[in-house]
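Please treat every number below as a calculation from the coordinates, not as lab data. Given the structure is predicted, the values throughout are model-derived calculations rather than measurements. Methodologically, a virtual Cβ is constructed for each residue, glycine included, from the backbone with ideal geometry; neighbour enumeration extends over all protein chains shown.
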Amino acid sequence: MRKSADSEDSSSLLSDQSTDMASSDTGDNGAPQYHEANPEPMSEDAKQRERDFRKKLNQAAREIVSDSIHARVKLIVHRPDYDQDSKRQYIRLSQELMPVVQEIARKTLPLLEHETSAEFERNRYYGSRFQADSVAYRDYRYFAKKRTPSESPSLVVGLRVDESASMSAFGRLEAAKRAVIAVYEFCRLCQIPVVIYGDTADVSKLEQMSLYAYADFDKPDVHDRYRLMRIQARSNNRDGMALRIMAERLVQAPQQTKLLISISDGQPKAMDDYTGSYAARDMQQTIVEYERKGVAFLASAIGQDKDVIHDIYGQDKFLDIANLREFPARLVRIIARYL
């Protein structure tokens, strides 16, 4: 597998987690107790780089939708900050998840090495070699094909999080955060480039679409894991616009396999009249357009509108998440299947 130039060694992951925290003892349950360290202020150069990156993201997003039905929608891409509360929340949610994520990564990495050395690309819809061990997955990716010298078994992952107001109900928001942590840390362990955005609509008349760039493969940062904790329930959702922007980002990435996962609890709904069949048709047209460009879509439905989400994406791209506690591990295992 080709490694990202900006990725870091997986062995440094746990030490990264303690960059701004220190552990000196354990609690009654054996879990480490973390003590806050004084955060280092961001330098002026670093602040300027963040501003430049945010400006670049805004320009790119507006260009992507300039020829779509969303061309006149007032869009702002934010680059959320993080604080000590974000770090504490990350530690609380990640402690239970990390052993599971690390175990899946431990089993996946040797397979990647074997797959690369064998020079066969697995889990394809067609090919010269039949993989009997893949039949159990029932996704029709039963074949392997010989990889030419120019091909790479690389993967890039996009994760879109619906930040509509309804995500605040029934533990959905925390379930989404747990899943996002699991995906982010798994991708770091396996050195997979990942982009994680949240989105909402109709914050104001001057901000009809809001994107939140929590992690981006163009500017990886070990502190992105803390930014993920700024995901929250906000307002409406303009799903087709978010999918288009993220899918285009994946198309522009050099990795061969491009996977875009959407975590959502409901059907699209935004002002003015972006709802019902009109919004569903926009999403379906976006999916078809970018599937032709090589992007694979998966929809993780965690709310009451599962039937609507199923109808929009189709059975082969739909994940019915009935058990929110099992959601993170299930999502990570699915990503591992694409490697």
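Among THR275, THR286, what is the fewest-to-most ranking by other Cβ atoms within 10 Å?
THR275, THR286
Roughly how many nanometres apart are two label points built 7 Å out from the Cα toward the Cβ at GLU174 and GLN304?
Here the modelled spin labels are 2.1 nm apart.
Rounded, prolate or oblate: pick one for segment 155-305, where a ≥ b ≥ c are the square roots of the eigenvalues of its C-alpha gyration tensor, a/c under 1.5 means rounded, and failing that, prolate if a/b is larger than b/c, else oblate. Let's see the in-between values first.
Working: a/c = 1.70, a/b = 1.21, b/c = 1.41.
Judged from the Cα gyration tensor, segment 155-305 comes out oblate (a/c at least 1.5, b/c at or above a/b).
Is the shape of segment 205-273 rounded, prolate or oblate, going by the alpha carbon gyration tensor and its root eigenvalues a ≥ b ≥ c, with a/c under 1.5 for rounded and a/b larger than b/c for prolate? All intermediate terms of the calculation are to be shown ahead of the outcome.
Numbers: a/c = 2.03, a/b = 1.36, b/c = 1.49.
Oblate shape, in that a/c is at least 1.5 and b/c is the bigger or equal ratio.
Pull up the cross-link candidates among the lysines for LYS87, meaning alpha carbon to alpha carbon under 21 Å and not fewer than 8 places away within one chain.
By straight Cα distance, LYS87 reaches LYS47, LYS177, LYS219.
Does segment 246-339 come out rounded, prolate or oblate by the C-alpha gyration tensor, with a ≥ b ≥ c the root eigenvalues, rounded set by a/c under 1.5 and, if not, prolate when a/b is larger than b/c and oblate if not?
Details: a/c = 2.17, a/b = 1.11, b/c = 1.96.
Taking the square roots of the gyration eigenvalues as a ≥ b ≥ c, segment 246-339 is oblate.
Can you tell me the FRET efficiency between ASP316 and GLU96 if r is taken as the Cβ-Cβ distance and R0 is 30 Å, rounded to the nearest 0.05?
Details: r = 31 Å, r/R0 = 1.04.
Approximately 0.45, to the nearest 0.05.
Evaluate E = 1/(1 + (r/R0)^6) for GLN285 and LYS107, where r is the Cβ-Cβ distance and R0 equals 30 Å; express this FRET efficiency to the nearest 0.05.
Working: r = 38 Å, r/R0 = 1.27.
Rounded to the nearest 0.05, the efficiency is 0.20.
Assuming R0 = 30 Å, what is the FRET efficiency of GLN48 and ARG330, from their Cβ-Cβ distance, to the nearest 0.05? Before the final figure, lay out each step's value.
Numbers: r = 41 Å, r/R0 = 1.36.
E between GLN48 and ARG330, to the nearest 0.05, is 0.15.
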